[in-house]
1. Extension gain R122-I154, at 0.36 nm per residue separation less the Cα-Cα distance, in nm?
2. What order do you get for 160-169, 181-190, 129-138 when each peptide is scored by the mean count of other beta carbon atoms within 10 Å, highest first?
3. Packing-wise, with mean Cβ within 10 Å as the measure, how do 113-119, 37-43, 11-17 rank, highest first?
4. How compact is segment 1-71 by the rule of thumb for globular proteins, expressed as Cα Rg over 2.2 N^0.38 Å?
5. Starting at the first residue of segment 169-178, write each ³J(HN,Hα) from the Karplus equation 6.51 cos²θ - 1.76 cosθ + 1.60 with θ = phi - 60°, in whole Hz, x for Gly and Pro.
6. When only alpha-carbon atoms are used, what values of Rg and Dmax, in angstrom, describe segment 119-200?
7. Give the span of the chain's Cα atoms along each principal axis, as three whole-Å numbers ordered largest to smallest.
8. Output the peptides 68-77, 23-32 sorted from most to least packed, where packing is the average of other Cβ atoms within 10 Å over each peptide's residues.
Amino acid sequence: MILIVCAVAKELAFLAPQPHVEVLVTGVGPVDAAANVSRALAQSSYELVINAGIAGAFDGDAAIGDGVVVSEDAYALDLETGDPIQLPDGLRAHDRATSDLTLVDALTELGYRARRGVTVSRVTATEATAARLAERGAQTESMEGFAVLRAAEIAGVKAIQVRGISNRVGERSRSRWDFAAGVAGLEPVLGALLSLTAAR
């Protein structure tokens, strides 16, 4: 059984019911995403978790309407400067999670670009914040990606994140936010992923 996770149901309105697929709508943000995915994984057995939804892209990394696979996602769990939080006994915060690289490679072979994500609790709305996140390697921005991947990682379940690009990350008046275009970009990459999993 495959668990497909989205933040709001409208992101997956195109998806027809499938016997081997369950859909979980978590709500917006990393807390609701992590809590609801963790509960689902504790209650049922899944072979794969797919985080599917819309996302923003940084300049030059993807266009509005593109579908991409997010190979790695980082959570802004550090100092504003980008330096790590100093924890006792040399401990480090878990701030990165990865998609299943076999599936990532399979999607890139089909022509979908792999991008690095950042998960935020506050949508980026200034050029300064966009530049800071981009300097740290972010290419897409979502509010749930890291949370879903990390919850699956803790549960020992394979996971992957696919996104349709809905906006440019940066100054909100220049973001060109287009929910429908993001969903249109998501549909083919999710369809390709489901076809790959059915063939395995």
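Since every read-out is calculated from the coordinates, none of them should be taken as a lab result. What you are looking at is a predicted structure, and each value in this text was computed from that prediction instead of being measured. So basically every Cβ, Gly included, is an ideal-geometry build from the backbone, and we count neighbours across all protein chains shown.
1. Values: separation 32, 0.36 × 32 = 11.52 nm, distance 2.45 nm.
My answer for the length gained is 9.1 nm.
2. 160-169, 181-190, 129-138
3. On the way: 113-119: 22.4, 37-43: 16.1, 11-17: 13.6.
Result, highest mean first: 113-119, 37-43, 11-17.
4. 1.20
5. Running phi through 6.51 cos²θ - 1.76 cosθ + 1.60 with θ = phi - 60° gives 7, x, 3, 4, 5, 10, 6, 6, 4, 9 Hz.
6. Cα-based Rg and Dmax for segment 119-200 come out at 14.9, 44 Å.
7. 46, 44, 30
8. 68-77, 23-32
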